[in-house]
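**Student:** Could you have a look at this structure, given as structure tokens, before my questions?
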Amino acid sequence: MTSSTTRRDALAMLALGAAVRPGTSRAAAKGKPKMLIVNALGGLEDPNLELTRTQSDNPVGTDQLDIDVRAIADARACGLDAVNVTLGYVGGPEEPFEYTMRTIGMWDEALRAHPGELMKVYRAGDILRAKAQNKIGVICGFQNAAMMGSDASRVDIFADLGVRVIQLTYNPANQLGDGSMAPENRGLTEFGRAVVARLNDKRVMVDLSHSGQNTCLDAARASKAPISINHTGCRALCDLPRNKTDEELRLVASKGGFVGIFFMPFLRLDGHPTADDVVAHVEHAVNVCGEDCVGIGTDGDASQIDDLNAYGAFLAKQVADRAKAGLGATGERADTYPFVVDLRGVEQFRKLADLLRKRGYSEARIEKILGRNFLRFAGDVWGA
């Protein structure tokens, strides 16, 4: 998609993808790919369902999960073996600890409701067990650590409940450090250092997605265990706050960490990235970090969106509400979709693999990027 691509062009591209409904014979005929596929940050819900309800004024909150037959079928058709899903408090008026505990309960209930399809991940080996049993491994993660309050020992509670990834900040600052949109760009606070140490002790992943540059660098240096940036782009290719500098990427990789490239508008300054832009960011990350530390964290679902007009109205309100609440990021607008229009739906990982093959990537390197690098990192942090 060129910089002159219009919203109408994007709608047409999405409509074309939606015409091949997930779960149809074409997707099913291809079957589940043999490659291990792990989405380091993504969704496991049907995004169409939220369009049928009154839209909440909290753009990062949820009262119910939209895990239906279609969502699971689409994830399977994608070849997805495991995904890090977001639960817990991200932002908004709710009390962070109480809200987080409630959403942990919601996800546990969903997992109990789908024992034949979903499996909670505690250790790296669970990802392989999920694949072997034709299930989807669900990795429970946070995108904010505000629910720690002023007590780092709360890490123990969340770890015991099966939370395996904790991102230190969202876009604004919190009591641990500054997010990517905090103008002061302070580093990790003393409380943040205490939380990182506790996360290390409990073998929970420290995720620096959304963090400010100095918070990321400080946490990478302070952590005794490798850390991750589970969903990001490369600032050298697109100078936006949500993307990471080469200094951050290189430091994380040098300590055995993991970097996941997202499918988000921040991959291009015009906000309309294509699959080629995803490949460009993957290649840059590989050049900076090495091929053993880079993967995928799409920040999206497997299912297509059916009613694009309804979604446009939904998106406009969501972006406005995020800005009003101080949760938005530079580069997100009502005319920028939070996904890559030609890398969406049940073919997204197959298409990405094909594009990497055309760039000369070997099958072994492609599988590292699609899942094996995250598995290696998970083993280092969680154990086998």
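The values are calculated or read from the model by the stated rules, or taken from the named source; none is laboratory data. This one's a predicted model, so the numbers in the text were calculated from it and none came from an experiment. Cβ atoms come from the backbone with ideal geometry, glycine included; neighbour counts cover every protein chain shown. Surface accessibility is based on the protein's heavy atoms, side chains included, excluding ligands, DNA and RNA. Shrake-Rupley method; radii C 1.70, N 1.55, O 1.52, S 1.80 Å.
**Student:** Would segment 20-169 count as rounded, prolate or oblate if I go by the C-alpha gyration tensor, calling it rounded below 1.5 in a/c and otherwise prolate when a/b exceeds b/c, oblate otherwise?
**Tutor:** It comes out oblate by the Cα gyration axes.
**Student:** Charges only on Cβ, +1 for Lys and Arg, -1 for Asp and Glu: so what's the dipole of the chain about the Cα centre, in debye to the nearest 20?
**Tutor:** So the dipole magnitude of the chain works out to roughly 1160 debye.
**Student:** Here's a follow-up. Sort out for me the Cα centre separation of segment 63-116 from segment 248-305, rounded to whole Å.
**Tutor:** Rounded to whole Å, the Cα centres lie 23 Å apart.
**Student:** Moving on. Round to the nearest 0.05 the FRET efficiency obtained for Arg333 and Glu98 when R0 = 30 Å and r is the Cβ-Cβ distance.
**Tutor:** My answer for the efficiency is 0.40.
**Student:** Relative contact order of the chain: what whole-number percent is it, with Cα pairs under 8 angstrom and at least 6 residues apart?
**Tutor:** Relative contact order of the chain: 21 percent.
**Student:** Under the 0.36 nm per residue contour assumption, what length would be gained going from the current alpha-carbon distance of Lys317 and Gln55 to full extension?
**Tutor:** 93.5 nm
**Student:** Could you check the spin-label model distance between Ala384 and Leu128? Points 7 Å from the Cα along Cα→Cβ, value in nm.
**Tutor:** Roughly 0.6 nm, to one decimal.
**Student:** Right, next: In nm, to one decimal, how far is the Asp63 label point from the Glu291 one, both placed 7 Å along Cα→Cβ?
**Tutor:** In this crude spin-label approximation the distance works out to 5.0 nm.
**Student:** For Asp306 and Ala236, compute 0.36 nm times the residue count separating them, minus their Cα-Cα distance, and round to one decimal in nm.
**Tutor:** Taking 0.36 nm per residue and subtracting the Cα distance, the gain is 21.7 nm.
**Student:** Next up: So which cysteines in the chain don't have a second cysteine's C-beta under 4.7 Å from them?
**Tutor:** Cys78, Cys140, Cys216, Cys234, Cys238
**Student:** Report the extension gain between Arg221 and Lys351 in nm, rounded to one decimal, defined as 0.36 nm multiplied by the number of residues separating them, less their alpha carbon distance.
**Tutor:** Using 0.36 nm per residue and subtracting the Cα-Cα distance, I get 43.2 nm.
**Student:** Hey, another quick one. Holding the Cα-Cα limit at 27 Å, pick out from Lys317/Lys368; Lys244/Lys368; Lys202/Lys351; Lys120/Lys317; Lys224/Lys324; Lys135/Lys224 the pairs that are longer than that.
**Tutor:** Lys317/Lys368; Lys202/Lys351; Lys120/Lys317; Lys224/Lys324; Lys135/Lys224
**Student:** On to the next question. Please give me the summed charge of the neighbours of Arg186: other residues whose Cβ is under 12 Å from its Cβ, Lys and Arg +1, Asp and Glu -1.
**Tutor:** Residues near Arg186 contribute -4 overall.
**Student:** Measuring from centroid to centroid over Cα atoms, what is the spacing of segment 153-170 and segment 341-384 in Å?
**Tutor:** Cα centres, segment 153-170 to segment 341-384: 26 Å.
**Student:** Which is farthest toward the positive dipole end of segment 23-172 among Ile136, Gly43, Thr103, measuring Cα position about the Cα centre, with Cβ charges +1 (Lys, Arg) and -1 (Asp, Glu)?
**Tutor:** Ile136
**Student:** Still on this structure: Which of these, Ala323, Ala173, Ala40, has the largest mean-square fluctuation under a Gaussian network model of the chain (Cα springs below 10 Å)?
**Tutor:** Ala323
**Student:** So what is the accessible area of the chain per residue, in Å², with the probe set to 1.4 Å?
**Tutor:** Per-residue accessible area for the chain comes out at 37 Å².
**Student:** Sticking with this structure for a sec: What number, in percent, do you get for the relative contact order of segment 69-208 if the mean sequence gap of Cα pairs under 8 Å and at least 6 apart is divided by its residue count?
**Tutor:** Here the relative contact order equals 22 percent.
**Student:** What FRET efficiency do you get for Leu161 and Lys358 if R0 is 30 Å and r is their Cβ-Cβ distance, rounded to the nearest 0.05?
**Tutor:** It comes to 0.10.
**Student:** Here is a further query. Could you point to the label whose value was computed as log10 I(q)/I(0) by the Debye sum over Cα atoms at q = 0.09, 0.14 Å⁻¹ for the structure here, given (1) -0.56, -1.24; (2) -0.45, -1.24; (3) -0.64, -1.09?
**Tutor:** The value computed from this structure is option (2).
**Student:** Please compute the net charge surrounding Gly61, taking Lys and Arg as +1 and Asp and Glu as -1 over other residues with Cβ under 15 Å from its Cβ.
**Tutor:** Here the count lands on -4.
**Student:** Once every DSSP H run of n ≥ 4 in the chain is given -39500 (n - 2.57) and the sum is divided by its residues, what mean residue ellipticity at 222 nm do you get, rounded to the nearest 500 deg cm²/dmol?
**Tutor:** Only helices count here, giving -12000 deg cm²/dmol.
**Student:** Charges on Cβ only, +1 for Lys and Arg, -1 for Asp and Glu, centred on the Cα centroid of the chain; of Ala320, Leu267, Ala364, which one is farthest towards the dipole's positive end?
**Tutor:** Ala364
**Student:** Also, quick follow-up: Find out how many positive minus negative residues lie around Tyr361, taking Lys and Arg as positive, Asp and Glu as negative, among other residues whose Cβ is under 12 Å from that of Tyr361.
**Tutor:** Summing Lys and Arg as +1 and Asp and Glu as -1 gives 0.
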